[in-house]
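J.: So that we are looking at the same thing, I have put the structure below in structure tokens.
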Amino acid sequence: MQHFPPHMELAVEGESPDFLHIIVSGTVELFSNWQGRETRMQFLGPNDTFILAATIKDRPYLMSARTLEKSLVILIPSEDIREVFQNDAEFAKSIVLELACCYRQAIKSAKNIKLRSSPERVANYLLKLYHENGNIPDFTLPFEKRRIAEFLGMTPENLSRSFASLKSRGVSVSNQKIHIDDIEKLTEFAHPTPLIDS
């Protein structure tokens, strides 16, 4: 179990997985780079693991991971994970269930990006934050807008235009502050579904 400061890289894309990481507290982002471009893949919090598939398969990481804030992380040697996976049926079952959840989340993320317009993606992201914050109409975005835009598969300019287009749906944006004036109107526009949204 180790404490890590913000902006500490914990896994590097292309390298072999020495450890399975389990987040106890804090926030970690998974991201990827290609030819000078970088994109956010996922944001993780307490009780999330990363990157399990690379650990089980003993293959290079397909993503990098870095802390966004001070984080407490458990590191379990990958060799130990693979050994217990081979010898403990209950542990193997838990691993398979976790991998199935990760796979389903990846499919949902791909569907979100491929099937929805930018404003629809932003609307559903705001609905998720609204519910996570106890259905309170005023909340703060948890990350920089640039990071959110990359996570939602758009440019920062597209994110700004999407926020502007949601004004007629009852959404007000001031820097990182969000106010949802009409949750019914936003929900009707977003059209959330368990086949895409968590």
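We did not get these values from a lab; they are worked out from the coordinates using the rules stated. Note that the coordinates shown come from a computational prediction; the quantities given were computed from them, not determined experimentally. Note that we place each Cβ from the backbone using ideal geometry, even for glycine, and neighbour counts take in every protein chain shown.
J.: Show log10 I(q)/I(0) for the chain at q = 0.11, 0.18 Å⁻¹, two decimals, from a solvent-free Debye sum over equal Cα scatterers.
T.: -0.57, -1.28
J.: Moving to a separate point now. Treating the angle as unsigned and between 0 and 90°, give the value, to the nearest 10°, between the Cα long axis of helix 89-115 and the longest Cα principal axis of the chain.
T.: Its long axis makes an angle of about 30 degrees.
J.: Nearest 10 degrees is fine. How inclined is helix 78-87 to the longest principal axis of the chain, computing both from alpha carbons?
T.: For 78-87 against the chain, the angle is about 70 degrees.
J.: Once you list every other residue whose beta carbon is under 10 Å from the beta carbon of ALA65, what net charge do they have if Lys and Arg are +1 and Asp and Glu are -1?
T.: That works out to -2.
J.: At 222 nm, what helix-only mean residue ellipticity would the chain give, in deg cm²/dmol to the nearest 500, using -39500 (n - 2.57) for each DSSP H run of four or more? Display every interim value, and only then the final one.
T.: Numbers: 7 runs with 83 residues, N = 198.
That calculation yields -13000 deg cm²/dmol at 222 nm.
J.: Can you tell me how the stretch 141-198 classifies by the Cα gyration tensor, rounded, prolate or oblate, using a/c under 1.5 as the rounded cut? Display every interim value, and only then the final one.
T.: Details: a/c = 1.76, a/b = 1.16, b/c = 1.52.
Since a/c reaches 1.5 but b/c is at least a/b, the shape of the stretch 141-198 is classed as oblate.
J.: Additional query: List, in order, the whole-Hz ³J(HN,Hα) value for each residue of the stretch 27-39 obtained from phi through the Karplus relation with A = 6.51, B = -1.76, C = 1.60 and θ = phi - 60°; use x for Gly and Pro.
T.: Whole-Hz 3J(HN,Hα) from phi for the stretch 27-39: 9, 10, 10, 9, 9, 9, 10, 7, 6, x, 10, 10, 9.
J.: Still on this structure, I have one more. Can you give the angle from 0 to 90° between the axis of helix 156-165 and the longest principal axis of the chain, with both taken from C-alpha atoms, to the nearest 10?
T.: 40
J.: Taking the highest mean first, how do the peptides 168-174, 25-31, 12-18 order by number of other beta carbon atoms within 10 angstrom per residue?
T.: Numbers: 168-174: 16.1, 25-31: 19.9, 12-18: 14.3.
So the peptides 168-174, 25-31, 12-18, ranked by packing, come out 25-31, 168-174, 12-18.
J.: Considering only the other residues whose Cβ falls under 14 Å of the Cβ of PRO77, what net charge follows from Lys and Arg at +1 and Asp and Glu at -1?
T.: Numbers: positive: ARG82; negative: ASP18, ASP58, GLU79, ASP80, GLU83.
Neighbourhood net charge equals -4.
J.: List the pairs from LYS145/LYS177; LYS128/LYS177; LYS128/LYS185; LYS57/LYS108 whose alpha-carbon separation is above 19 Å, in the order I gave them.
T.: Working: LYS145/LYS177 11 Å; LYS128/LYS177 15 Å; LYS128/LYS185 15 Å; LYS57/LYS108 23 Å.
Over 19 Å apart, Cα to Cα: LYS57/LYS108.
J.: Find out how many positive minus negative residues lie around GLU150, taking Lys and Arg as positive, Asp and Glu as negative, among other residues whose Cβ is under 11 Å from that of GLU150. Let's see the in-between values first.
T.: On the way: positive: ARG37, ARG40, LYS145, ARG146, ARG147; negative: GLU29, GLU38, GLU144.
My count for the surroundings of GLU150 gives +2.
J.: Here's a follow-up. Sort 182-194, 64-76, 92-104 for me by packing, meaning the mean count of neighbouring Cβ atoms within 10 Å per residue, highest on top.
T.: On the way: 182-194: 14.5, 64-76: 17.4, 92-104: 13.0.
Most protected by this proxy first, the peptides run 64-76, 182-194, 92-104.
J.: Using the Cα centre of the chain as origin and beta-carbon charges of +1 (Lys, Arg) and -1 (Asp, Glu), tell me which of LEU97, LEU159, SER64 is placed farthest towards the positive end of the dipole.
T.: Towards the positive end, the residue furthest out is LEU159.
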